[in-house]
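Notes follow the structure.
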Amino acid sequence: MTRTRTTRLRRPLLAGTTAIAAMAVTAGFVATTSDSAEAATGPNLSLIAASTSITLTSWKEDPGVYLDLGTYLTAEGKPLELKVTRKSYKDPVVITQTVYEGGKAKAKALPNGTVKDFSGLPGFAEITITDKAGKQVLRRAESFCPNNASGRVRPDAPATSKYPESCPTNAFTLGSVWGVEKGWAANTYAGSYTKPVKLAVGNYTAKVSVAKKYRDLFGIANKPATVKVTVEERSFEDGRGVAPRTAKSGEHAGHGAAHPAAPAAGAAHTGHGPGHAPTPAQAAAPVTSGAGPSYNVGHGPLKAAPPALPWALKKQQTARSMKAGDTAGRTDGSRKAPALGPQSKRPTGKPSVPNVPKPDLRSLPAYGITISDGGEDVPGKDYLAFSANVWNAGPAQLVVDGFRSPGKAKMDAYQYFYDAKGKQVGYTPTGTMEWDPRPGHVHWHFTDFASYRLLKADRKETVRSGKEAFCLANTDAVDYTVKNANWHPYNTDLSTACGQENSISVREVLDVGSGDTYTQDLPGQSFDITDVPNGTYYIQVLANPENRLKETSTANNSALRKVVLGGKPGKRTVTVPAHDLVNAN
């Protein structure tokens, strides 16, 4: 079990995309055929290095080097496809590989214990660093997410990869799909899942190899990649004339690698060179949920989808707090999601609920649970803060449009239904949407999507959260193995899905397989436990509480998470027991 009052929760993001254009001219990128039986029916996999040399940066104000060495796993012949699942939270996580016999795909179970969670293959990449004299200064193993920072290695490869863009880190994930597309490569760097290493300014040699158990499992040749590494030291003041310190005084370092905590590909100031330094928040910020303290407060992260951190924990990050450079359409400071256009007119004809596939809303148990004091505005109070996720198990999208009558403060909301060909065949009124002008929201919320209640040990309600209205967004990949799961959901970005104050209509979508995380961390959203006695309670996450939305089933809308309150007023504590096999807060 986990006991916490102000324990800092930290859920890392995946590595940002690393340029791999150099692969086309890197010798030996074609996979070596293995003699194993698996090589005949699965992909031909090989480890390559995008470049023979690389410069890594250690920031003076935040020393440490992230080992993004530009090594990749390539797939030829067939894609590498892995499905990671668990039947329930009482069952262990298992993994299967898609292989081919006679041109037909079949599932091959991999050994029990190959994976423990959904974040990647543990101990996949083995890294050895030696100094100029040949002395070993570092040896470590890192996990590998096959979905991580992928790119093509040859021009006749498929133009896009069908696989998701990251591996989920939500402790309550139920199913994931990992893959390296045929003719593509995935970065073996584990990103901020790993800790930086201390390396002095100087020159090194890095050798990266695939662990033997994975070479045997996937038929990968034992051919380590070798990369020359230059470590430079830079300062946040670089942009104001302070040159980086490298192995040789006065030597121009060129463009250093972007700090992994900086915004990912697509953001401004990624891969900074001297004279164009990142801000301290970009360069050395600890990893957070992706939602900064002043933009889209409450929602969880975007793609890569680690659980959101409660506000009470975000506040502890003070001077190094994430302050993403968000702009319209880039609410995590890095990527832009295309908008889903709403209907231009109100639906016509009589409302109907046809007999076609519908969404199935389900709740995950609460997580990220901690005690908050409510901040300066509410002194003398104790709050129980938490994160909650409602997801769509399908087999159909949840599609809700809001339409505004001229001069009205609220929109009328409608749920849409589609046949197997994607044709709209019905609609029904489903409540309202309201504009939320508060800092950190500033978008349209669909009302009565979910509710949160603190229940006594006898399951009777004792406190209810005031938060029930939401802007829907696909923040977490909960189970991409369910029927019709969309591995590339569009509206992962709140600014494209939730409208402006003067919007006349809004479309909000929760895709199959994805969920929407909200943190209940501010007074009015979190539970006021100031006068709640110590003891055992349950946090209830309840989807579709008024049954306004039409679903496949409403029997699975509730999830409970046990908590034990203790301590004294002003110093309350919360103990969070394991939820079956999930021992994570």
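Readers should treat all values here as calculations from the given coordinates under stated rules, not as data from a laboratory. Computed from a predicted model, the values in this text were never measured in an experiment. Methodologically, a virtual Cβ is constructed for each residue, glycine included, from the backbone with ideal geometry; neighbour enumeration extends over all protein chains shown.
A full extension of the chain between Asn355 and Asp419 corresponds to an added length of 22.2 nm, given 0.36 nm per residue minus the alpha carbon distance.
Scalar couplings 3J(HN,Hα) for region 194-207, obtained by applying the Karplus form with A = 6.51, B = -1.76, C = 1.60 to θ = phi - 60°, are 9, 9, x, 10, 8, 10, 5, 4, x, 10, 9, 10, 10, 10 Hz; x denotes Gly and Pro.
The stretch between Thr130 and Ala105, if pulled fully straight at 0.36 nm per residue, gains 4.7 nm over its current Cα-Cα span.
Beyond a 32 Å Cα-Cα separation, which of these cross-linked pairs lie in this structure: Lys78/Lys550; Lys87/Lys212; Lys132/Lys182; Lys60/Lys223? Over 32 Å Cα-Cα: Lys78/Lys550; Lys132/Lys182; Lys60/Lys223. Here the simple spin-label model places points 7 Å from the Cα toward Cβ, and for Tyr490 and Asn583 these points are separated by 4.4 nm. Under the simplified labelling scheme, the Lys212-Ala159 pair shows an inter-label distance of 4.6 nm, with each label point 7 Å from Cα along Cα→Cβ. For the listed peptides 206-212, 221-227, a ranking on the average number of other beta carbons within 10 Å per residue, highest first, reads 206-212, 221-227. All other residues whose Cβ lies under 10 angstrom from that of Ser150 are scored, Lys and Arg at +1 and Asp and Glu at -1, for a net of -1. Each Lys or Arg adds one and each Asp or Glu takes one away; over the other residues whose Cβ falls under 12 Å from the Cβ of Asp511, this sums to -4. Close amide H partners of Lys60, meaning residues 5 or more places away or on another chain with modelled amide H under 5 Å apart, are Arg234, Ser235, Phe236.
Among residues other than Thr536 with Cβ under 12 Å from its Cβ, the summed charge is +3 (Lys and Arg +1, Asp and Glu -1).
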